[in-house]
Amino acid sequence: MAVANGNGNTSKGNRSRGPRCIALVGPFQSGKTTLLEAILARTGAIQRQGSVDAGNTVGDGSREARDHRMSVELSVATTTFMDESYTFIDCPGSVEFIHDMRAALPAVDAAVVVCEADEKKIPQLQLILRDLEEQKIPRFLFLNKIDKSDKRLRDTLKLLQPASRVPLLLRQIPIWKNDIVTGFVDLALERAHVYKEHTASEVIELSGEDLERERAARFTMLETLADHDDELMEQLLEDIPPPRDRVFDDLARELRDGLVCPVLIGVAARTNGVLRLMKALRHEAPDIEATAARLGIEAKGESVAYVLKTINTAHGGKISVARVLAGQIGDGMTLNSEEAEAGRVSGVFKLMGQATEKRGAAGVGEAIGLGKLDHARTGDTLSSGKTPHRRIADVRPYPPVLAVAIAARERKDDVKLGQALAKMVEEDPSITVVHNADAHEVILWGQGEMHLRVAVERLTERFGVAIEKRKPSVGYRETIRKPVTQRGRHKKQSGGHGQFGDVVVEIRPQPRGTGFVFAETITGGVVPRNYIPSVEEGVTDGLRQGPLGFPVVDVAVTLTDGSYHTVDSSDQAFRTAGRIAMTEGLPQCQPVLLEPIHEVEIVCPSEATARINAILSGRRGQILGFDTREGWPGWDTVRAQMAEAEIGDLIIEVRSATAGVGTFTFKFDHMAELTGRTADQIVAARRAAE
């Protein structure tokens, strides 16, 4: 527990110690990478603060991140502040790359939620805070770009509060001069500071209206803390100033217990507020001991670590980014995951963005890279004991929402593509690779348009595989409407033994969803028994592509008659005869196109529900109803049935209508007949492609 002495500094004897691991999270483009850069500059880890626009930051070091000027994967950097080690994990803010954040959270001591006074980003903020709340991660809120805000701070807090389940506790208030923020007041320390560009702020005295504002804001902060401290409440009621160490005790305890979310202010681009944030982390954030207790670590003398990210480097091979939760991990140590042996550590590395530096063994609390643990995966719990440690977290990716069909531009790269995909999925489990055998396609599923774009860029730039991409095939099928009896005759004489097979089949439509049924009513041996399985194989061959160009389903075929030749008949001849019967018979059965219909469930902010309904209607969707999203105030769930062809790029419109936060899940429901102009266009496109 943090204890402050008389001058407002925390006494070192009782304060939490050990290396800290802090996640920087927040909505897209709120300034997380800039804040990391400011922290590294102010703590001396780098000589000069870079910028996202210049493409020279420690975070966002990959080519894809710099090309798009956005975080597309988490970045790890370690620095020292007041002789203590801090590892910061800069997490992507876009919902398309959010799995990196979610997978890293179990191992961190606390999170700094970077946001700004932008009403459009509140749904994104709510998504991130919900993940932190569900994983019980203590969290600060850093209100960035305070110099550009056109709202008073209390109005901003009222705007942001609905995104958080717990009170947003104002720790600082700004000092205004000529409508410009020139500094801040720390309400816990009762101390005012004036900002200085890229250097420490200057302490000043408060007077007049500023002093009155500070007293009112401090009392409000103390009232919130007193909701969970009866003794503090009594002191406030009796107008007794509480001891400063008691205030810091409550701040640390209520942060750790997830009862409040303290709010600090600053301007990361100018390093304003950064030192005060670091001091708040130092004095109030839980340490590794508290984190291990939260996770239920059962070390029993062994070493335990959690893999929060997997990286495949160009020259150094695989690196598992892990945090040591118990014991010590060094080079050469054999580690087990909960499922199998993860491997033998081949190098322990300090991480600074894209740079790695070999180092010695890592102690409890440190976040490091572990080399060449071939069987370790993101989310694994690693341990050194003979009995694997239980899995401490199970963070699964959100279901994918967008797909692209890919192929190597050159056939010689097919094997290389397969290897690259395996490594990419290992790095980013929110990507799914599906092999569509019917369409002979490799389908890459992801979390959105930018997610897939970056994935394809990585395949080309990092793994050296030139890629062709197109829309995935829709699972169209065809069926028949009327029965037909058809003869299939195969006769070929080319010297020596010939080929002869002759069958008569009855082709009938089946109820939707019942599939294919084959039967026979042969009497008198007109088709020998040993050839009947070959006839069925030929019939099946004929169903693989019907007259409209698609696989045929929901058909019953009965072999009723035929003839054979004692010398020229064979399995292959009867298989060919069965296929001929289907090829010639199906066009007479009134073939009709079928399209897959899926049940879709969209979650979105309530204010966007009307727009979502309009999008669904415009995509031939049948709306089944909508309701409030359970446990999510201000959100709705919309249910509909939609054709698979209309779901293809649905997520792009959904995200556009919901400030980037709407998403959906879908599952196959049934096949439905498709006729008219749309069906004609699909069939014509299929024939043209062939």
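The values are calculated or read from the model by the stated rules, or taken from the named source; none is laboratory data. Quick caveat: nothing in here was measured; it's all calculated off a predicted structure. Please note: Cβ atoms are built from the backbone with ideal geometry, for glycine as well, and neighbour counts cover all protein chains shown. With ligands, DNA and RNA removed, areas are computed over all heavy atoms of the protein, side chains included. Shrake-Rupley method; radii C 1.70, N 1.55, O 1.52, S 1.80 Å.
Worth pointing out:
- Greater than 20 Å apart at Cα, pairs in Lys136/Lys423; Lys309/Lys358; Lys196/Lys279: Lys136/Lys423
- Computed over the chain, relative contact order equals 10 percent, with contacts defined as Cα pairs under 8 Å that lie 6+ residues apart.
- Inter-part distance where the stretch 502-528 and the stretch 564-630 are each reduced to a Cα centre, Å: 24 Å
- Label point distance in nm, Glu134-Leu206, each placed 7 Å from Cα along Cα→Cβ: 3.9 nm
- In Å, descending, principal axis extents of the Cα set of the stretch 12-77: 47, 26, 18
- Efficiency of FRET from Cβ geometry, Arg396 and Ala689, R₀ 41 Å, rounded to 0.05: 0.65
- Here the gap between Asp627 and His315, fully extended at 0.36 nm per residue and compared with their Cα-Cα distance, gives a gain of 107.1 nm.
- Global form of the stretch 541-690, assessed from the alpha-carbon gyration tensor, a/c cut-off 1.5: prolate
- In this label model, Arg63 and Ala216 are separated by 5.7 nm, measuring between points 7 Å along each Cα→Cβ vector.
- Sorted from longest to shortest, the spans of the Cα atoms of the stretch 139-187 along the three principal axes equal 35, 21, 15 Å.
- Label corresponding to percent of Cα pairs over 44 Å apart when calculated from the structure given, among (i) 38; (ii) 29; (iii) 60: (i)
- Aspartates and glutamates whose Cα lies under 15 Å from that of Lys158, excluding same-chain neighbours fewer than 8 positions away: Glu116, Asp118, Glu119, Asp150
- Cα gyration tensor shape for the stretch 265-386, rounded if a/c is under 1.5, else prolate or oblate: oblate
- Reachable aspartates and glutamates from Lys469, criterion Cα separation under 17 angstrom, eight or more residues apart if same chain: Glu410, Asp413, Asp414, Glu441, Glu449, Glu457, Glu461, Asp649
- Of all DSSP beta bridges in the chain, antiparallel share, percent nearest 5: 80 percent
- Kirkwood Rh in Å, taken over all unlike Cα pairs in the stretch 17-132: 14.3 Å
- For the stretch 225-333, GluC sites (Glu not before Pro) are listed when DSSP marks them as loop and at most 12 other Cβ atoms sit within 10 Å of their Cβ; the list is Glu238.
- Whole-Hz ³J(HN,Hα) from phi, Karplus 6.51 cos²θ - 1.76 cosθ + 1.60, for the stretch 343-353, glycine and proline x: x, 9, 4, 10, x, 10, 10, 7, 10, 9, x
- Annotation: the stretch 102-246 has a Kirkwood hydrodynamic radius of 17.0 angstrom, from the mean reciprocal C-alpha pair distance.
- Scattering profile of the stretch 285-337 at q = 0.30 Å⁻¹ [log10 I(q)/I(0), Debye over alpha-carbon scatterers]: -1.28
- Cα-Cα pairs of the stretch 204-291 separated by more than 22 Å (percent): 38 percent
- Carbon and sulfur %, accessible surface of the stretch 380-448 computed with the full protein complex present, 1.4 Å: 54 percent
- Once the C-beta distance of Lys469 and Asp155 is scaled by a Förster radius of 51 Å, the resulting FRET efficiency is 0.65 to the nearest 0.05.
- Length released on extending from Thr521 to Thr678, taking residue separation times 0.36 nm less the Cα-Cα span: 52.5 nm
- Shape box of the stretch 396-503 [Cα atoms, principal axes, largest first, Å]: 59, 39, 23
- Label zone at Thr199, where the point sits 7 Å out along the Cα-to-Cβ direction: the stretch 264-298 residues whose backbone N lies under 19 Å: 267-276
- Multiplying the residue separation of Ile240 and Arg165 by 0.36 nm and removing their Cα-Cα distance gives an extension gain of 24.0 nm.
- Note on Glu339/Ser85: beta-carbon distance plugged into 1/(1 + (r/R0)^6) with R0 of 25 Å gives a FRET efficiency of 0.20.
- Reciprocal of mean inverse Cα separation for the stretch 585-659 (Kirkwood radius, Å): 13.6 Å
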